[in-house]
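Take a look at the structure below.
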Amino acid sequence: MDITVLGLFLLASFIGGVTTGLAGFALALVVSGIWLHIISPTQTVALIVAYNLVTQSYAIWKLRHALDWRRVAPFIVGGSVGVPIGTVALTYVNPAYLRTGVGALLLLYSIYGLARPAFRPVQSGISSDIGIGFFNGLLGGLTGLTGIIVTVWSQLRGWPKDVQRTVFQPVNLAAIVVSAVSLTIAGAVTAETIKLYVVGLPAVLAGMWTGLKLYGKLDDAAFRKVLLLLLLVSGLALMAPLLATLE
């Protein structure tokens, strides 16, 4: 890896860390745009999972004062059922169509949310949260998009920013742990990948520290806008293949 490629790798690692520290997700969205051009797809996926294990765990620890496992448990219970069903359904459903549909919904939701500063929080119970967890896991099993539905649901519930993050980040972490085990068993964790992980980890941690500092300066309204903007970018990224065919 020459100095230019190394610089791009570290820059993406740092920005990905900033984004995760600031919003609690979207590391994959940020880094994959650069990493997929300079390292292999397998290394990209393995590094995203490995770095997310660190960033998600650390962020949850930092926000532990707002963590309530009774609030989080229904989403994890629902997701534990949804993920394997989604994985099995991969043989029957075209993930590309699903990604495009989810991307369109994210675009509509984020644009609507940005245009409408205030909204009435959704009231629901445990059964609704389990259902959301199920569909979140189902989508994760089908497409690898863990946490998108729970992130949107946390916003709709109108929870404070710390509570939102201590709901969708543990749900993400649970899915990431499963992914890490699967990748290890599949032999995706090679010596070269471990070397890249060690090289990029300081940049990710520095970025995350910066992102958490910025997060501390946001009020609930500003945090909502940050999430909406990232969801908007996520929607565009999911629809990019379709948009490319229209050119």
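Quick look at the numbers
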| quantity | calculated |
| --- | --- |
| Distance in nm between pseudo-label sites at F119 and F135 (7 Å out along the Cβ direction from Cα) | 1.3 |
| Nearest-0.05 FRET efficiency for A191 and D220, computed from C-beta distance (R0 51 Å) | 0.70 |
| FRET efficiency, I126 to D2 (Cβ-Cβ, R0 51 Å, nearest 0.05) | 0.40 |
| Rounded to the nearest 20 debye, dipole of segment 133-247 from Cβ charges on Lys, Arg, Asp, Glu | 300 |
| Reciprocal mean inverse distance between Cα atoms of segment 41-145 - Kirkwood radius, Å | 16.1 |
| Global form of segment 157-247, assessed from the alpha-carbon gyration tensor, a/c cut-off 1.5 | oblate |
| Cα-centred dipole magnitude for segment 54-145, charges only on beta-carbon of K, R (+1) and D, E (-1), debye, nearest 20 | 260 |
| Distance between segment 188-231 and segment 68-86 - C-alpha centres, whole angstrom | 24 |
| Over the chain: helical MRE at 222 nm, DSSP H runs n ≥ 4 each giving -39500 (n - 2.57), nearest 500 | -28000 deg cm²/dmol |
| Extension gain (nm, one decimal) between A96 and L53, 0.36 nm per residue minus Cα-Cα | 12.8 nm |
| Greater than 25 Å apart at Cα, pairs in K195/K225; K161/K213; K62/K195; K62/K161 | K195/K225; K62/K195 |
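Read the figures in this text as sums done on the coordinates, not as results from a lab. Computed from a prediction, not measured in an experiment: that's the story for all the values here. Positions of Cβ are backbone-derived with ideal geometry, glycine not excepted, and every protein chain shown enters the neighbour counts.
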